[in-house]
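First the structure, which I've put down as structure tokens, then a few questions once you've had a look.
Read the figures in this text as sums done on the coordinates, not as results from a lab. Since the structure is predicted, the reported quantities are computational estimates derived from the model, not experimental observations. Note that we place each Cβ from the backbone using ideal geometry, even for glycine, and neighbour counts take in every protein chain shown.
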Amino acid sequence: MKNLIEKFIVYQFGIFLAIMISGLFNLAYGQTTLKVASKSLTEQFAYLPGMEVNVEGQKAEIVIETWDENRVEILIDFISKHPSEMVARKDLDAIRYSFKTIGNKVYFRNFIKKDDGSEPQAQLKAIYTIRLPNACPVYVKNQFGSTHATALTKAFTLNSEFSEIVLDNLKGDIDIRSKYGDIVGNGIHGQVQMNARRADITLTDISGDFNIYTAFGIVKLFTDHRLLNSLNIDGEQSDVYIFDPLPSAYGYELTAHYGSITTPRDLKFNYLENNQTIKKAVFLPTKEMASISINITFGDIVIRNP
Amino acid sequence: MKEVNKDKLIEGLQNLSSYKAPDSVWDGISNKLNQDPVLAEALSKLPTYTAPDSVWDAIEGELHKPVKRINLNFISRMAAALLFLIVALAAIQNVLKSSNDPLAKLDVQIQEEKVDEQLLAQLQHDDNLEFEQVLKLCDNMEFICTRPRVSKLKADLLELNNAKQQLKQALGEYGTEVYLINQLKAIEFEQTRLIKQLTQFLT
């Protein structure tokens, strides 16, 4: 009997031990530790009227903010991640950086290139935090990263690929080109050009004149007739949604090739063409208001009261 | 003609055994020559020249000139000097480079980051097989794939695949940017949709 009890205790202890060990393994599984090697750099200079800041980033997270000071400050972190500290340190050198001033244009550039031409093993990234006066025009080119721009008032130009784009409270001449990177904007006011390929566009609180080209994307605009002046959208294989509290305040010219047009029921659209291939609908408001023109091939147009 | 084994020739000539003819032989030859009046007259008219000492000295100098040998010692010294020059140039270039590259002077900070393995696992799997199969099928059925609708599908598929490869390269093995990973998934999703459409035409 005593023997049996001893055996039982040993058996129970064995199960307990097994559970503990498997628990430890479970804890260990699911996470990998990466060594993060980084370098930080700060550049700053006085802002002179007419100056333009250009940033060209590769694998860069770019944040542009404005301030009241009359100078430009750029903080840059260069980051390299790999399980091996040696590789992380070595590949950090593959991030190349240059800072040039040509006339009144200031250029910051980073790109990735190893001395021996091989591909870096570590995951590399550059993080730019740029602070400048709001009247300073900014040009950004970015790839495989993200761009956040806030409160610029004169001009912002962005050429971006595979990058997230967030625009907040921008005024002036705004020109955004994006391939494989959604554009999200709030408070965009001015002369706006957007060209998005395989990228969605979502804009709220917009005013001014908008020209948008879209391919393989979804465009969602939340408009306000008191602010919007004109809106032209051309595109292919894209759906366009316009949400406005007073849709009857606009003049519309909508064309959908191989697609559909959906409008609020109380708006009496005049269909100039309405067959399987093409649908063309126009609406003239009683008062001369802003105009919306949309021309889409292989896509739907939806005008809706939110 | 260039004498290659000059030293051996000199040595050989020096070791040749010397032989002197007896005076009677020379006298006999002289008498025979003097007996011919035409020859004797012609001989008396021959001009005589004495070569200056410098010519003989030059000949002697040439004969005793030491043979040029390749001096290994000299080459190794030159090589060492050259090597030193290269290393020095490389060092100078490095210094110049580091003075041009503002990053070279910065200190490196090291930290650790825990990453969800499930995130990294998303980068590992590769389902390009379906894509390649459908393209192969397309190549075999050219009469269908040249139709505008099908060729457009194929072009879109190729564009997506190109984007997918670029994204994968950018993400590497340890890419943890959720935005890029989601984009990769969206591309794969769209690719699957197109492959299904294309397959409908091809089967």
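Per q in 0.12 1/Å, what log10 I(q)/I(0) does a Debye calculation on the alpha-carbon atoms of the protein assembly as shown return?
Per q value, in the given order, log10 I(q)/I(0) is -1.22.
If you don't mind, another one. What whole number of Å gives the distance from the Cα centroid of the range A:34-102 to the Cα centroid of the range A:113-169?
So the two Cα centres are separated by 10 Å.
At R0 = 45 Å, how high is the FRET efficiency between A:D77 and B:A155 if r is their beta carbon distance? Nearest 0.05 is fine.
With R0 = 45 Å, the Cβ-Cβ based efficiency is 0.70.
Which value in deg cm²/dmol, rounded to the nearest 500, describes the helix-derived mean residue ellipticity at 222 nm for chain B, given -39,500 (n - 2.57) per DSSP H run of n ≥ 4 and division by the residue count?
-22500 deg cm²/dmol
Go through the range B:137-149 residue by residue and turn each phi into a ³J(HN,Hα) via Karplus (6.51, -1.76, 1.60, θ = phi - 60°); whole Hz please, and just put x for glycine and proline.
3J(HN,Hα) across the range B:137-149, in whole Hz: 4, 5, 4, 6, 10, 4, 4, 8, 6, 8, 5, x, 5.
A further question follows. Using amide H atoms built 1.01 Å from N in the peptide plane, name the residues 5+ places from A:G185, or on other chains, whose amide H lies under 5 Å from its own.
The list, which skips near neighbours in sequence, is A:L167, A:T202, A:L203, A:T204.
When a footprinting reagent is the concern and you count Cβ atoms within 10 Å, what order do B:L43, B:L180, B:L120 take, fewest first?
Ranked by crowding around the Cβ, least crowded first: B:L43, B:L120, B:L180.
Sum up the charges of everything whose Cβ sits under 12 Å from the Cβ of B:A163, counting Lys and Arg as +1 and Asp and Glu as -1, but leave B:A163 out.
Here the count lands on 0.
For the range A:225-306, state what percent of all Cα-Cα pairs lands in each successive 10 Å bin, counting from 0 Å until the bin that includes the largest distance.
Taking every Cα pair in the range A:225-306, the percentages come to 19, 56, 23, 1.
Please provide three numbers in whole Å: the alpha-carbon extents of the range B:117-202 along the principal axes, with the largest listed first.
Principal axes ranked by extent give 45, 18, 18 Å for the Cα atoms.
Exceeding 25 Å between C-alpha atoms, which entries from my cross-link table qualify? They are A:K125/A:K171; B:K20/B:K45; A:K179/B:K152; A:K35/A:K141; A:K100/A:K179; A:K125/B:K168.
In this structure, A:K125/A:K171; B:K20/B:K45; A:K35/A:K141; A:K100/A:K179 lie more than 25 Å apart at Cα.
Could you tally the net charge around A:T150, taking each other residue with its Cβ under 12 Å from the Cβ of A:T150, Lys/Arg +1 and Asp/Glu -1?
Result for the local shell: 0.
Same structure again: Measuring from centroid to centroid over Cα atoms, what is the spacing of the range B:138-195 and the range A:173-214 in Å?
25 Å
Just A:D115, A:D209, A:D200 to compare: in a GNM of chain A, with alpha carbon springs under 10 Å, which one fluctuates most?
Taking springs between Cα atoms under 10 Å, the residue moving most is A:D115.
While we're here: Under a Cβ-Cβ cut-off of 13 Å, what is the net charge of the residues other than A:L48 that fall near it, where Lys and Arg count +1 and Asp and Glu count -1?
Value of the local net charge: +1.
Over all distinct alpha-carbon pairs, what is the Kirkwood Rh of the range A:32-151 in angstrom?
For the range A:32-151, the Kirkwood estimate is 15.0 Å.
When the helices in chain A are scored as -39500 (n - 2.57) per DSSP H run of 4 or longer and the sum is shared across all residues, what 222 nm value do you end up with, to the nearest 500 deg cm²/dmol?
My calculation for chain A gives -4000 deg cm²/dmol from helical runs alone.
Against the longest principal axis of chain A, how steep is helix A:2-28, in degrees 0 to 90 to the nearest 10, with axes from Cα atoms?
So the helix axis and the longest Cα principal axis differ by about 40 degrees.
What's the longest piece of chain B with no exposed chymotrypsin sites (Phe, Trp or Tyr not before Pro), counting a site as exposed if DSSP puts it in a loop and it has at most 13 other beta carbons within 10 Å?
So the longest stretch without any such site is B:50-203.
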